[in-house]
Amino acid sequence: MFLAWNEIKFSKTRFILIVGVMFLVSYLVFFLTGLAYGLAQDNRLVVDKWDAAGIVLNSEANDNLSASTILLGDVSKIKGKPENNAKLGQLAGVITKKGTSDKININVFGINQDEFINPTVTEGRTFKSKNEVVVDDSLKEKDIQLNDEIKLSTTGDILKVVGFTTNSKFNTAPIIYMSLEQWQVAKFGQADNSDQGKISGVVIKSGNLDNLGLDKEKLSAITSQTFIANIPGYTAQTLTFGIMIGFLFVIAAFVIGIFIYVLTLQKSSMFGVMKAQGIATSYIAKSIVAQTFILAVLGVGIGLVLTLVTAALLPNAVPYMTNYLFLASFTGVLVGVAILGALFSVRTIVKIDPLEAIGG
């Protein structure tokens, strides 16, 4: 450690450049991972929030909530405790804030207030009467505030924002919650609580989905993970970004490892002279590994800290999300690969002939 630290202090400029390269590589890996993870989460936030076992959809809907319509008469035949089921209506739509022309893509969710998928209101209150809605707080970025009036393009209805909730996005669009009856009016033109009334699906809180007693000709039950995998575009996005991040990570790891290996080889003559002076090879090897560890921790550590600072400064519109498990894992692997590159170069140092190094 003494030799490693003194060499770093003696050649500050060279080692600052090395740390800079490691910082840039690690920052790129960390930041792109956060963007990919955040975009994937924006598709599924509300489903994760339900923490449900699964969902019942129309058997012909191909596991797609937007394509599913089921009758309330069939819903009433689902076995199990009533509090274990939550009726859900879903409609993709567009809103405009009253007095403006800016269009915002949203998802409308029709729910019953006494069922478990009713979100916790973090500001304001829940909806109580017709034309009142609770919205995801990401809409504040679009200048939507409490008591604002918004126009739903589907019906032309004017809705009043009475509350905000958090982490309520589906398929990357923020959710507007309203009563199930009002959702029926928005989608079908009238409310209908009879057996012929329609909704999109039923969320099942817990239990075995095979014991719901469903009419397989009309309804099918799928797990939450299957439901998420079939959100339009979700699987393609996660696969694309996963492969991209995987290749980036492997390339970055190789670059750091090779960089450390070449750096050590450039000092072969100096190590030969040290061996000729009687310094043990094991001491030199330990110094190389220690020096690499210091440089890697500094470079990757700076990249990690600046990634967290960048994440804190990003606006909510950017789909960035920090996953500390990913960051910790990638940090460990990047530092480990750098040390691995140093260990490879140690093999070369062992073979250095001191006589050749001093020109004997």
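The values are calculated or read from the model by the stated rules, or taken from the named source; none is laboratory data. Values in this document were obtained by computation on a predicted structure and should not be read as measured data. When we count neighbours, we look across all protein chains shown, and the Cβ atoms used for this are built from the backbone with ideal geometry, even at glycine. Note: areas computed on protein heavy atoms with side chains; ligands, DNA, RNA excluded. Shrake-Rupley method; radii C 1.70, N 1.55, O 1.52, S 1.80 Å.
Structure data summary
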| item | result |
| --- | --- |
| Test: residue in region 112-120 that is touching a Pro at 6+ places or on another chain (Cβ under 9 Å) and of a type outside the set (D, E, K, R) | no |
| Evaluation of L313 against (1) over 26 Å from the mean Cα position of the chain (by Cα); (2) farther than 16 Å from I339 by Cβ; (3) open to solvent by 60 Å² or more (accessible area, probe 1.4 Å) (one fails), failing number | (1) |
| Qualifying residue in region 276-298 (condition: buried (at least 19 other Cβ atoms within 10 Å of the Cβ), closer than 30 Å to L35 by Cβ, of a type in the set (V, I, T) and modelled with pLDDT of 80 or more) | yes |
| One residue from F330, F293, F259, F326 being within 30 Å of D136 (Cα to Cα), in contact (Cβ under 8 Å) with a residue 12 or more places away in the chain and either outside any helix (DSSP H, G or I) or within 34 Å of the chain's Cα centre (by Cα) (or both) | F326 |
| Qualifying residue in region 59-71 (condition: farther than 19 Å from D157 by Cβ, more than 29 Å from the chain's Cα centre (by Cα), open to solvent by 10 Å² or more (accessible area, probe 1.4 Å) and without any contact (Cβ under 8 Å) to a residue 24 or more places away in the chain) | yes |
| Strands (runs of 3 or more DSSP E) within region 157-211 that include 2 or more residues more than 18 Å from K142 (Cβ to Cβ) and in contact with a strand residue (DSSP E or B) (Cβ under 6 Å, 6 or more places away or on another chain) | 201-204 |
| Single match in K9, K49 (criterion: assigned to a helix (DSSP H, G or I), open to solvent by 60 Å² or more (accessible area, probe 1.4 Å) and at pLDDT below 90) | K9 |
| Members of region 232-275 that are surrounded by fewer than 14 Cβ atoms within 10 Å (Cβ to Cβ), more than 30 Å from V29 (Cα to Cα) and among the polar types (S, T, N, Q) | S269 |
| Filtered residue count, region 262-281, keeping only those that are under 13 Å from I18 (Cβ atoms) and either within 40 Å of the chain's Cα centre (by Cα) or of a type in the set (F, W, Y) (or both) | 3 |
| Residue within region 153-165 that is open to solvent by less than 60 Å² (accessible area, probe 1.4 Å), closer than 21 Å to D48 by Cβ and in contact with a Lys or Arg (Cβ under 6 Å, 6 or more places away or on another chain) present | yes |
| Selection within region 299-310 - touching a Ser or Thr at 6+ places or on another chain (Cβ under 7 Å) and either open to solvent by less than 30 Å² (accessible area, probe 1.4 Å) or at pLDDT below 90 (or both) | G299, V300, G303 |
| Residue in region 118-141 that is assigned to a loop (DSSP other than H, G, I, E, B), in contact (Cβ under 8 Å) with a residue 60 or more places away in the chain and surrounded by fewer than 17 Cβ atoms within 10 Å (Cβ to Cβ) present | no |
| Verdict on V335 being open to solvent by 80 Å² or more (accessible area, probe 1.4 Å), at pLDDT 85 or above and under 22 Å from L17 (Cα atoms) | no |
| Test result for F241, of a type in the set (F, W, Y), part of a helix (DSSP H, G or I), touching a helix residue (DSSP H, G or I) at 6+ places or on another chain (Cβ under 6 Å) and within 30 Å of I106 (Cα to Cα) | yes |
| Complete set of residues in region 88-110 that are assigned to a strand (DSSP E or B) and in contact with an Asp or Glu (Cβ under 7 Å, 6 or more places away or on another chain) | T96, K97 |
| Residue match in region 267-283 (condition: part of a helix (DSSP H, G or I), touching a residue at least 40 places away in the same chain (Cβ under 8 Å) and under 30 Å from D143 (Cβ atoms)) | no |
